1. What number comes out for the charge environment of C125, summing +1 per Lys or Arg and -1 per Asp or Glu over other residues with Cβ under 15 Å away?
2. Net charge around A69, counting only other residues with Cβ within less than 14 Å of its Cβ (Lys, Arg = +1; Asp, Glu = -1)?
3. Determine the shape class of region 61-151: with a ≥ b ≥ c the square roots of the Cα gyration tensor eigenvalues, call it rounded for a/c under 1.5, and otherwise prolate if a/b is greater than b/c, oblate otherwise.
4. Each label point is 7 Å from the Cα along the Cα-to-Cβ direction; what then is the distance between the points at S43 and A173, in nm?
5. Cβ neighbours within 10 Å, averaged per peptide: list 178-190, 106-118 in order, most packed at the top.
Amino acid sequence: MTYPSMPIRLLATLALLIAGVIVSVVSFRDELTAASIARDGISAASARDLIEDGRPAALLFAAADRMDAGDHSGRELGMQLLNAGLERSPHNADALARLSYLQSLDAGRFSRDAAESLNLSIKQCGYCSKDLLRWRLQYVLLYWQDVPEQIRRSVFQGADFLRWWHSDHEFLADARRYAQSELIPFNQYQRAVGSQVRPHELPDD
């Protein structure tokens, strides 16, 4: 018995559907692997294999987060993982921020490379993540003396978003106290953002 031939358009649609299912299965498997790495960690040898095997960015980022930033070899491998992941996913603001931090630790100061990575992180995600806004402010306060003025102001714009959008007053109060202990003009930078500040949110210097 002969069967009528399937229309070419239908064949193409079916092929796309099958490809979509395959991609979904692979993505789900990768998500499970990334979650496993985040939960259980990963050896340095296995992390290097992820780079050599060209694995997805999510796995590389998850592995980078589990490297020991206090150890030189762990820090180096973490940066390699992040750079490899950013080749596949160059707009990941969290990975860029993490890379900046490792570059600072490696250089012993907020280096030019660290500034470039953090600036890219800010450009990719100016206000999209409360946790990242918090982290950037703490990071910049920690390395204040070496941070370029433009990045300082950008980070304080993010901190102002924490104030008026997230009402994150307790966190900002803690950040202000730390800044004042380090003689950082926190209030001056907060005022310079230019948005309206309610009196109780900005105590006198």
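Since every read-out is calculated from the coordinates, none of them should be taken as a lab result. Source: prediction; values computed, not measured. Please note: Cβ atoms are built from the backbone with ideal geometry, for glycine as well, and neighbour counts cover all protein chains shown.
1. Details: positive: R98, K123, K130, R134, R136; negative: D94, D131.
Charge balance in the 15 Å sphere: +3.
2. Values: positive: R66, R75, R98; negative: D65, D68, D71, E76, D106.
Value of the local net charge: -2.
3. Details: a/c = 1.68, a/b = 1.15, b/c = 1.46.
Verdict is oblate for region 61-151.
4. 5.0
5. Values: 178-190: 14.8, 106-118: 17.5.
Top of the packing list down: 106-118, 178-190.
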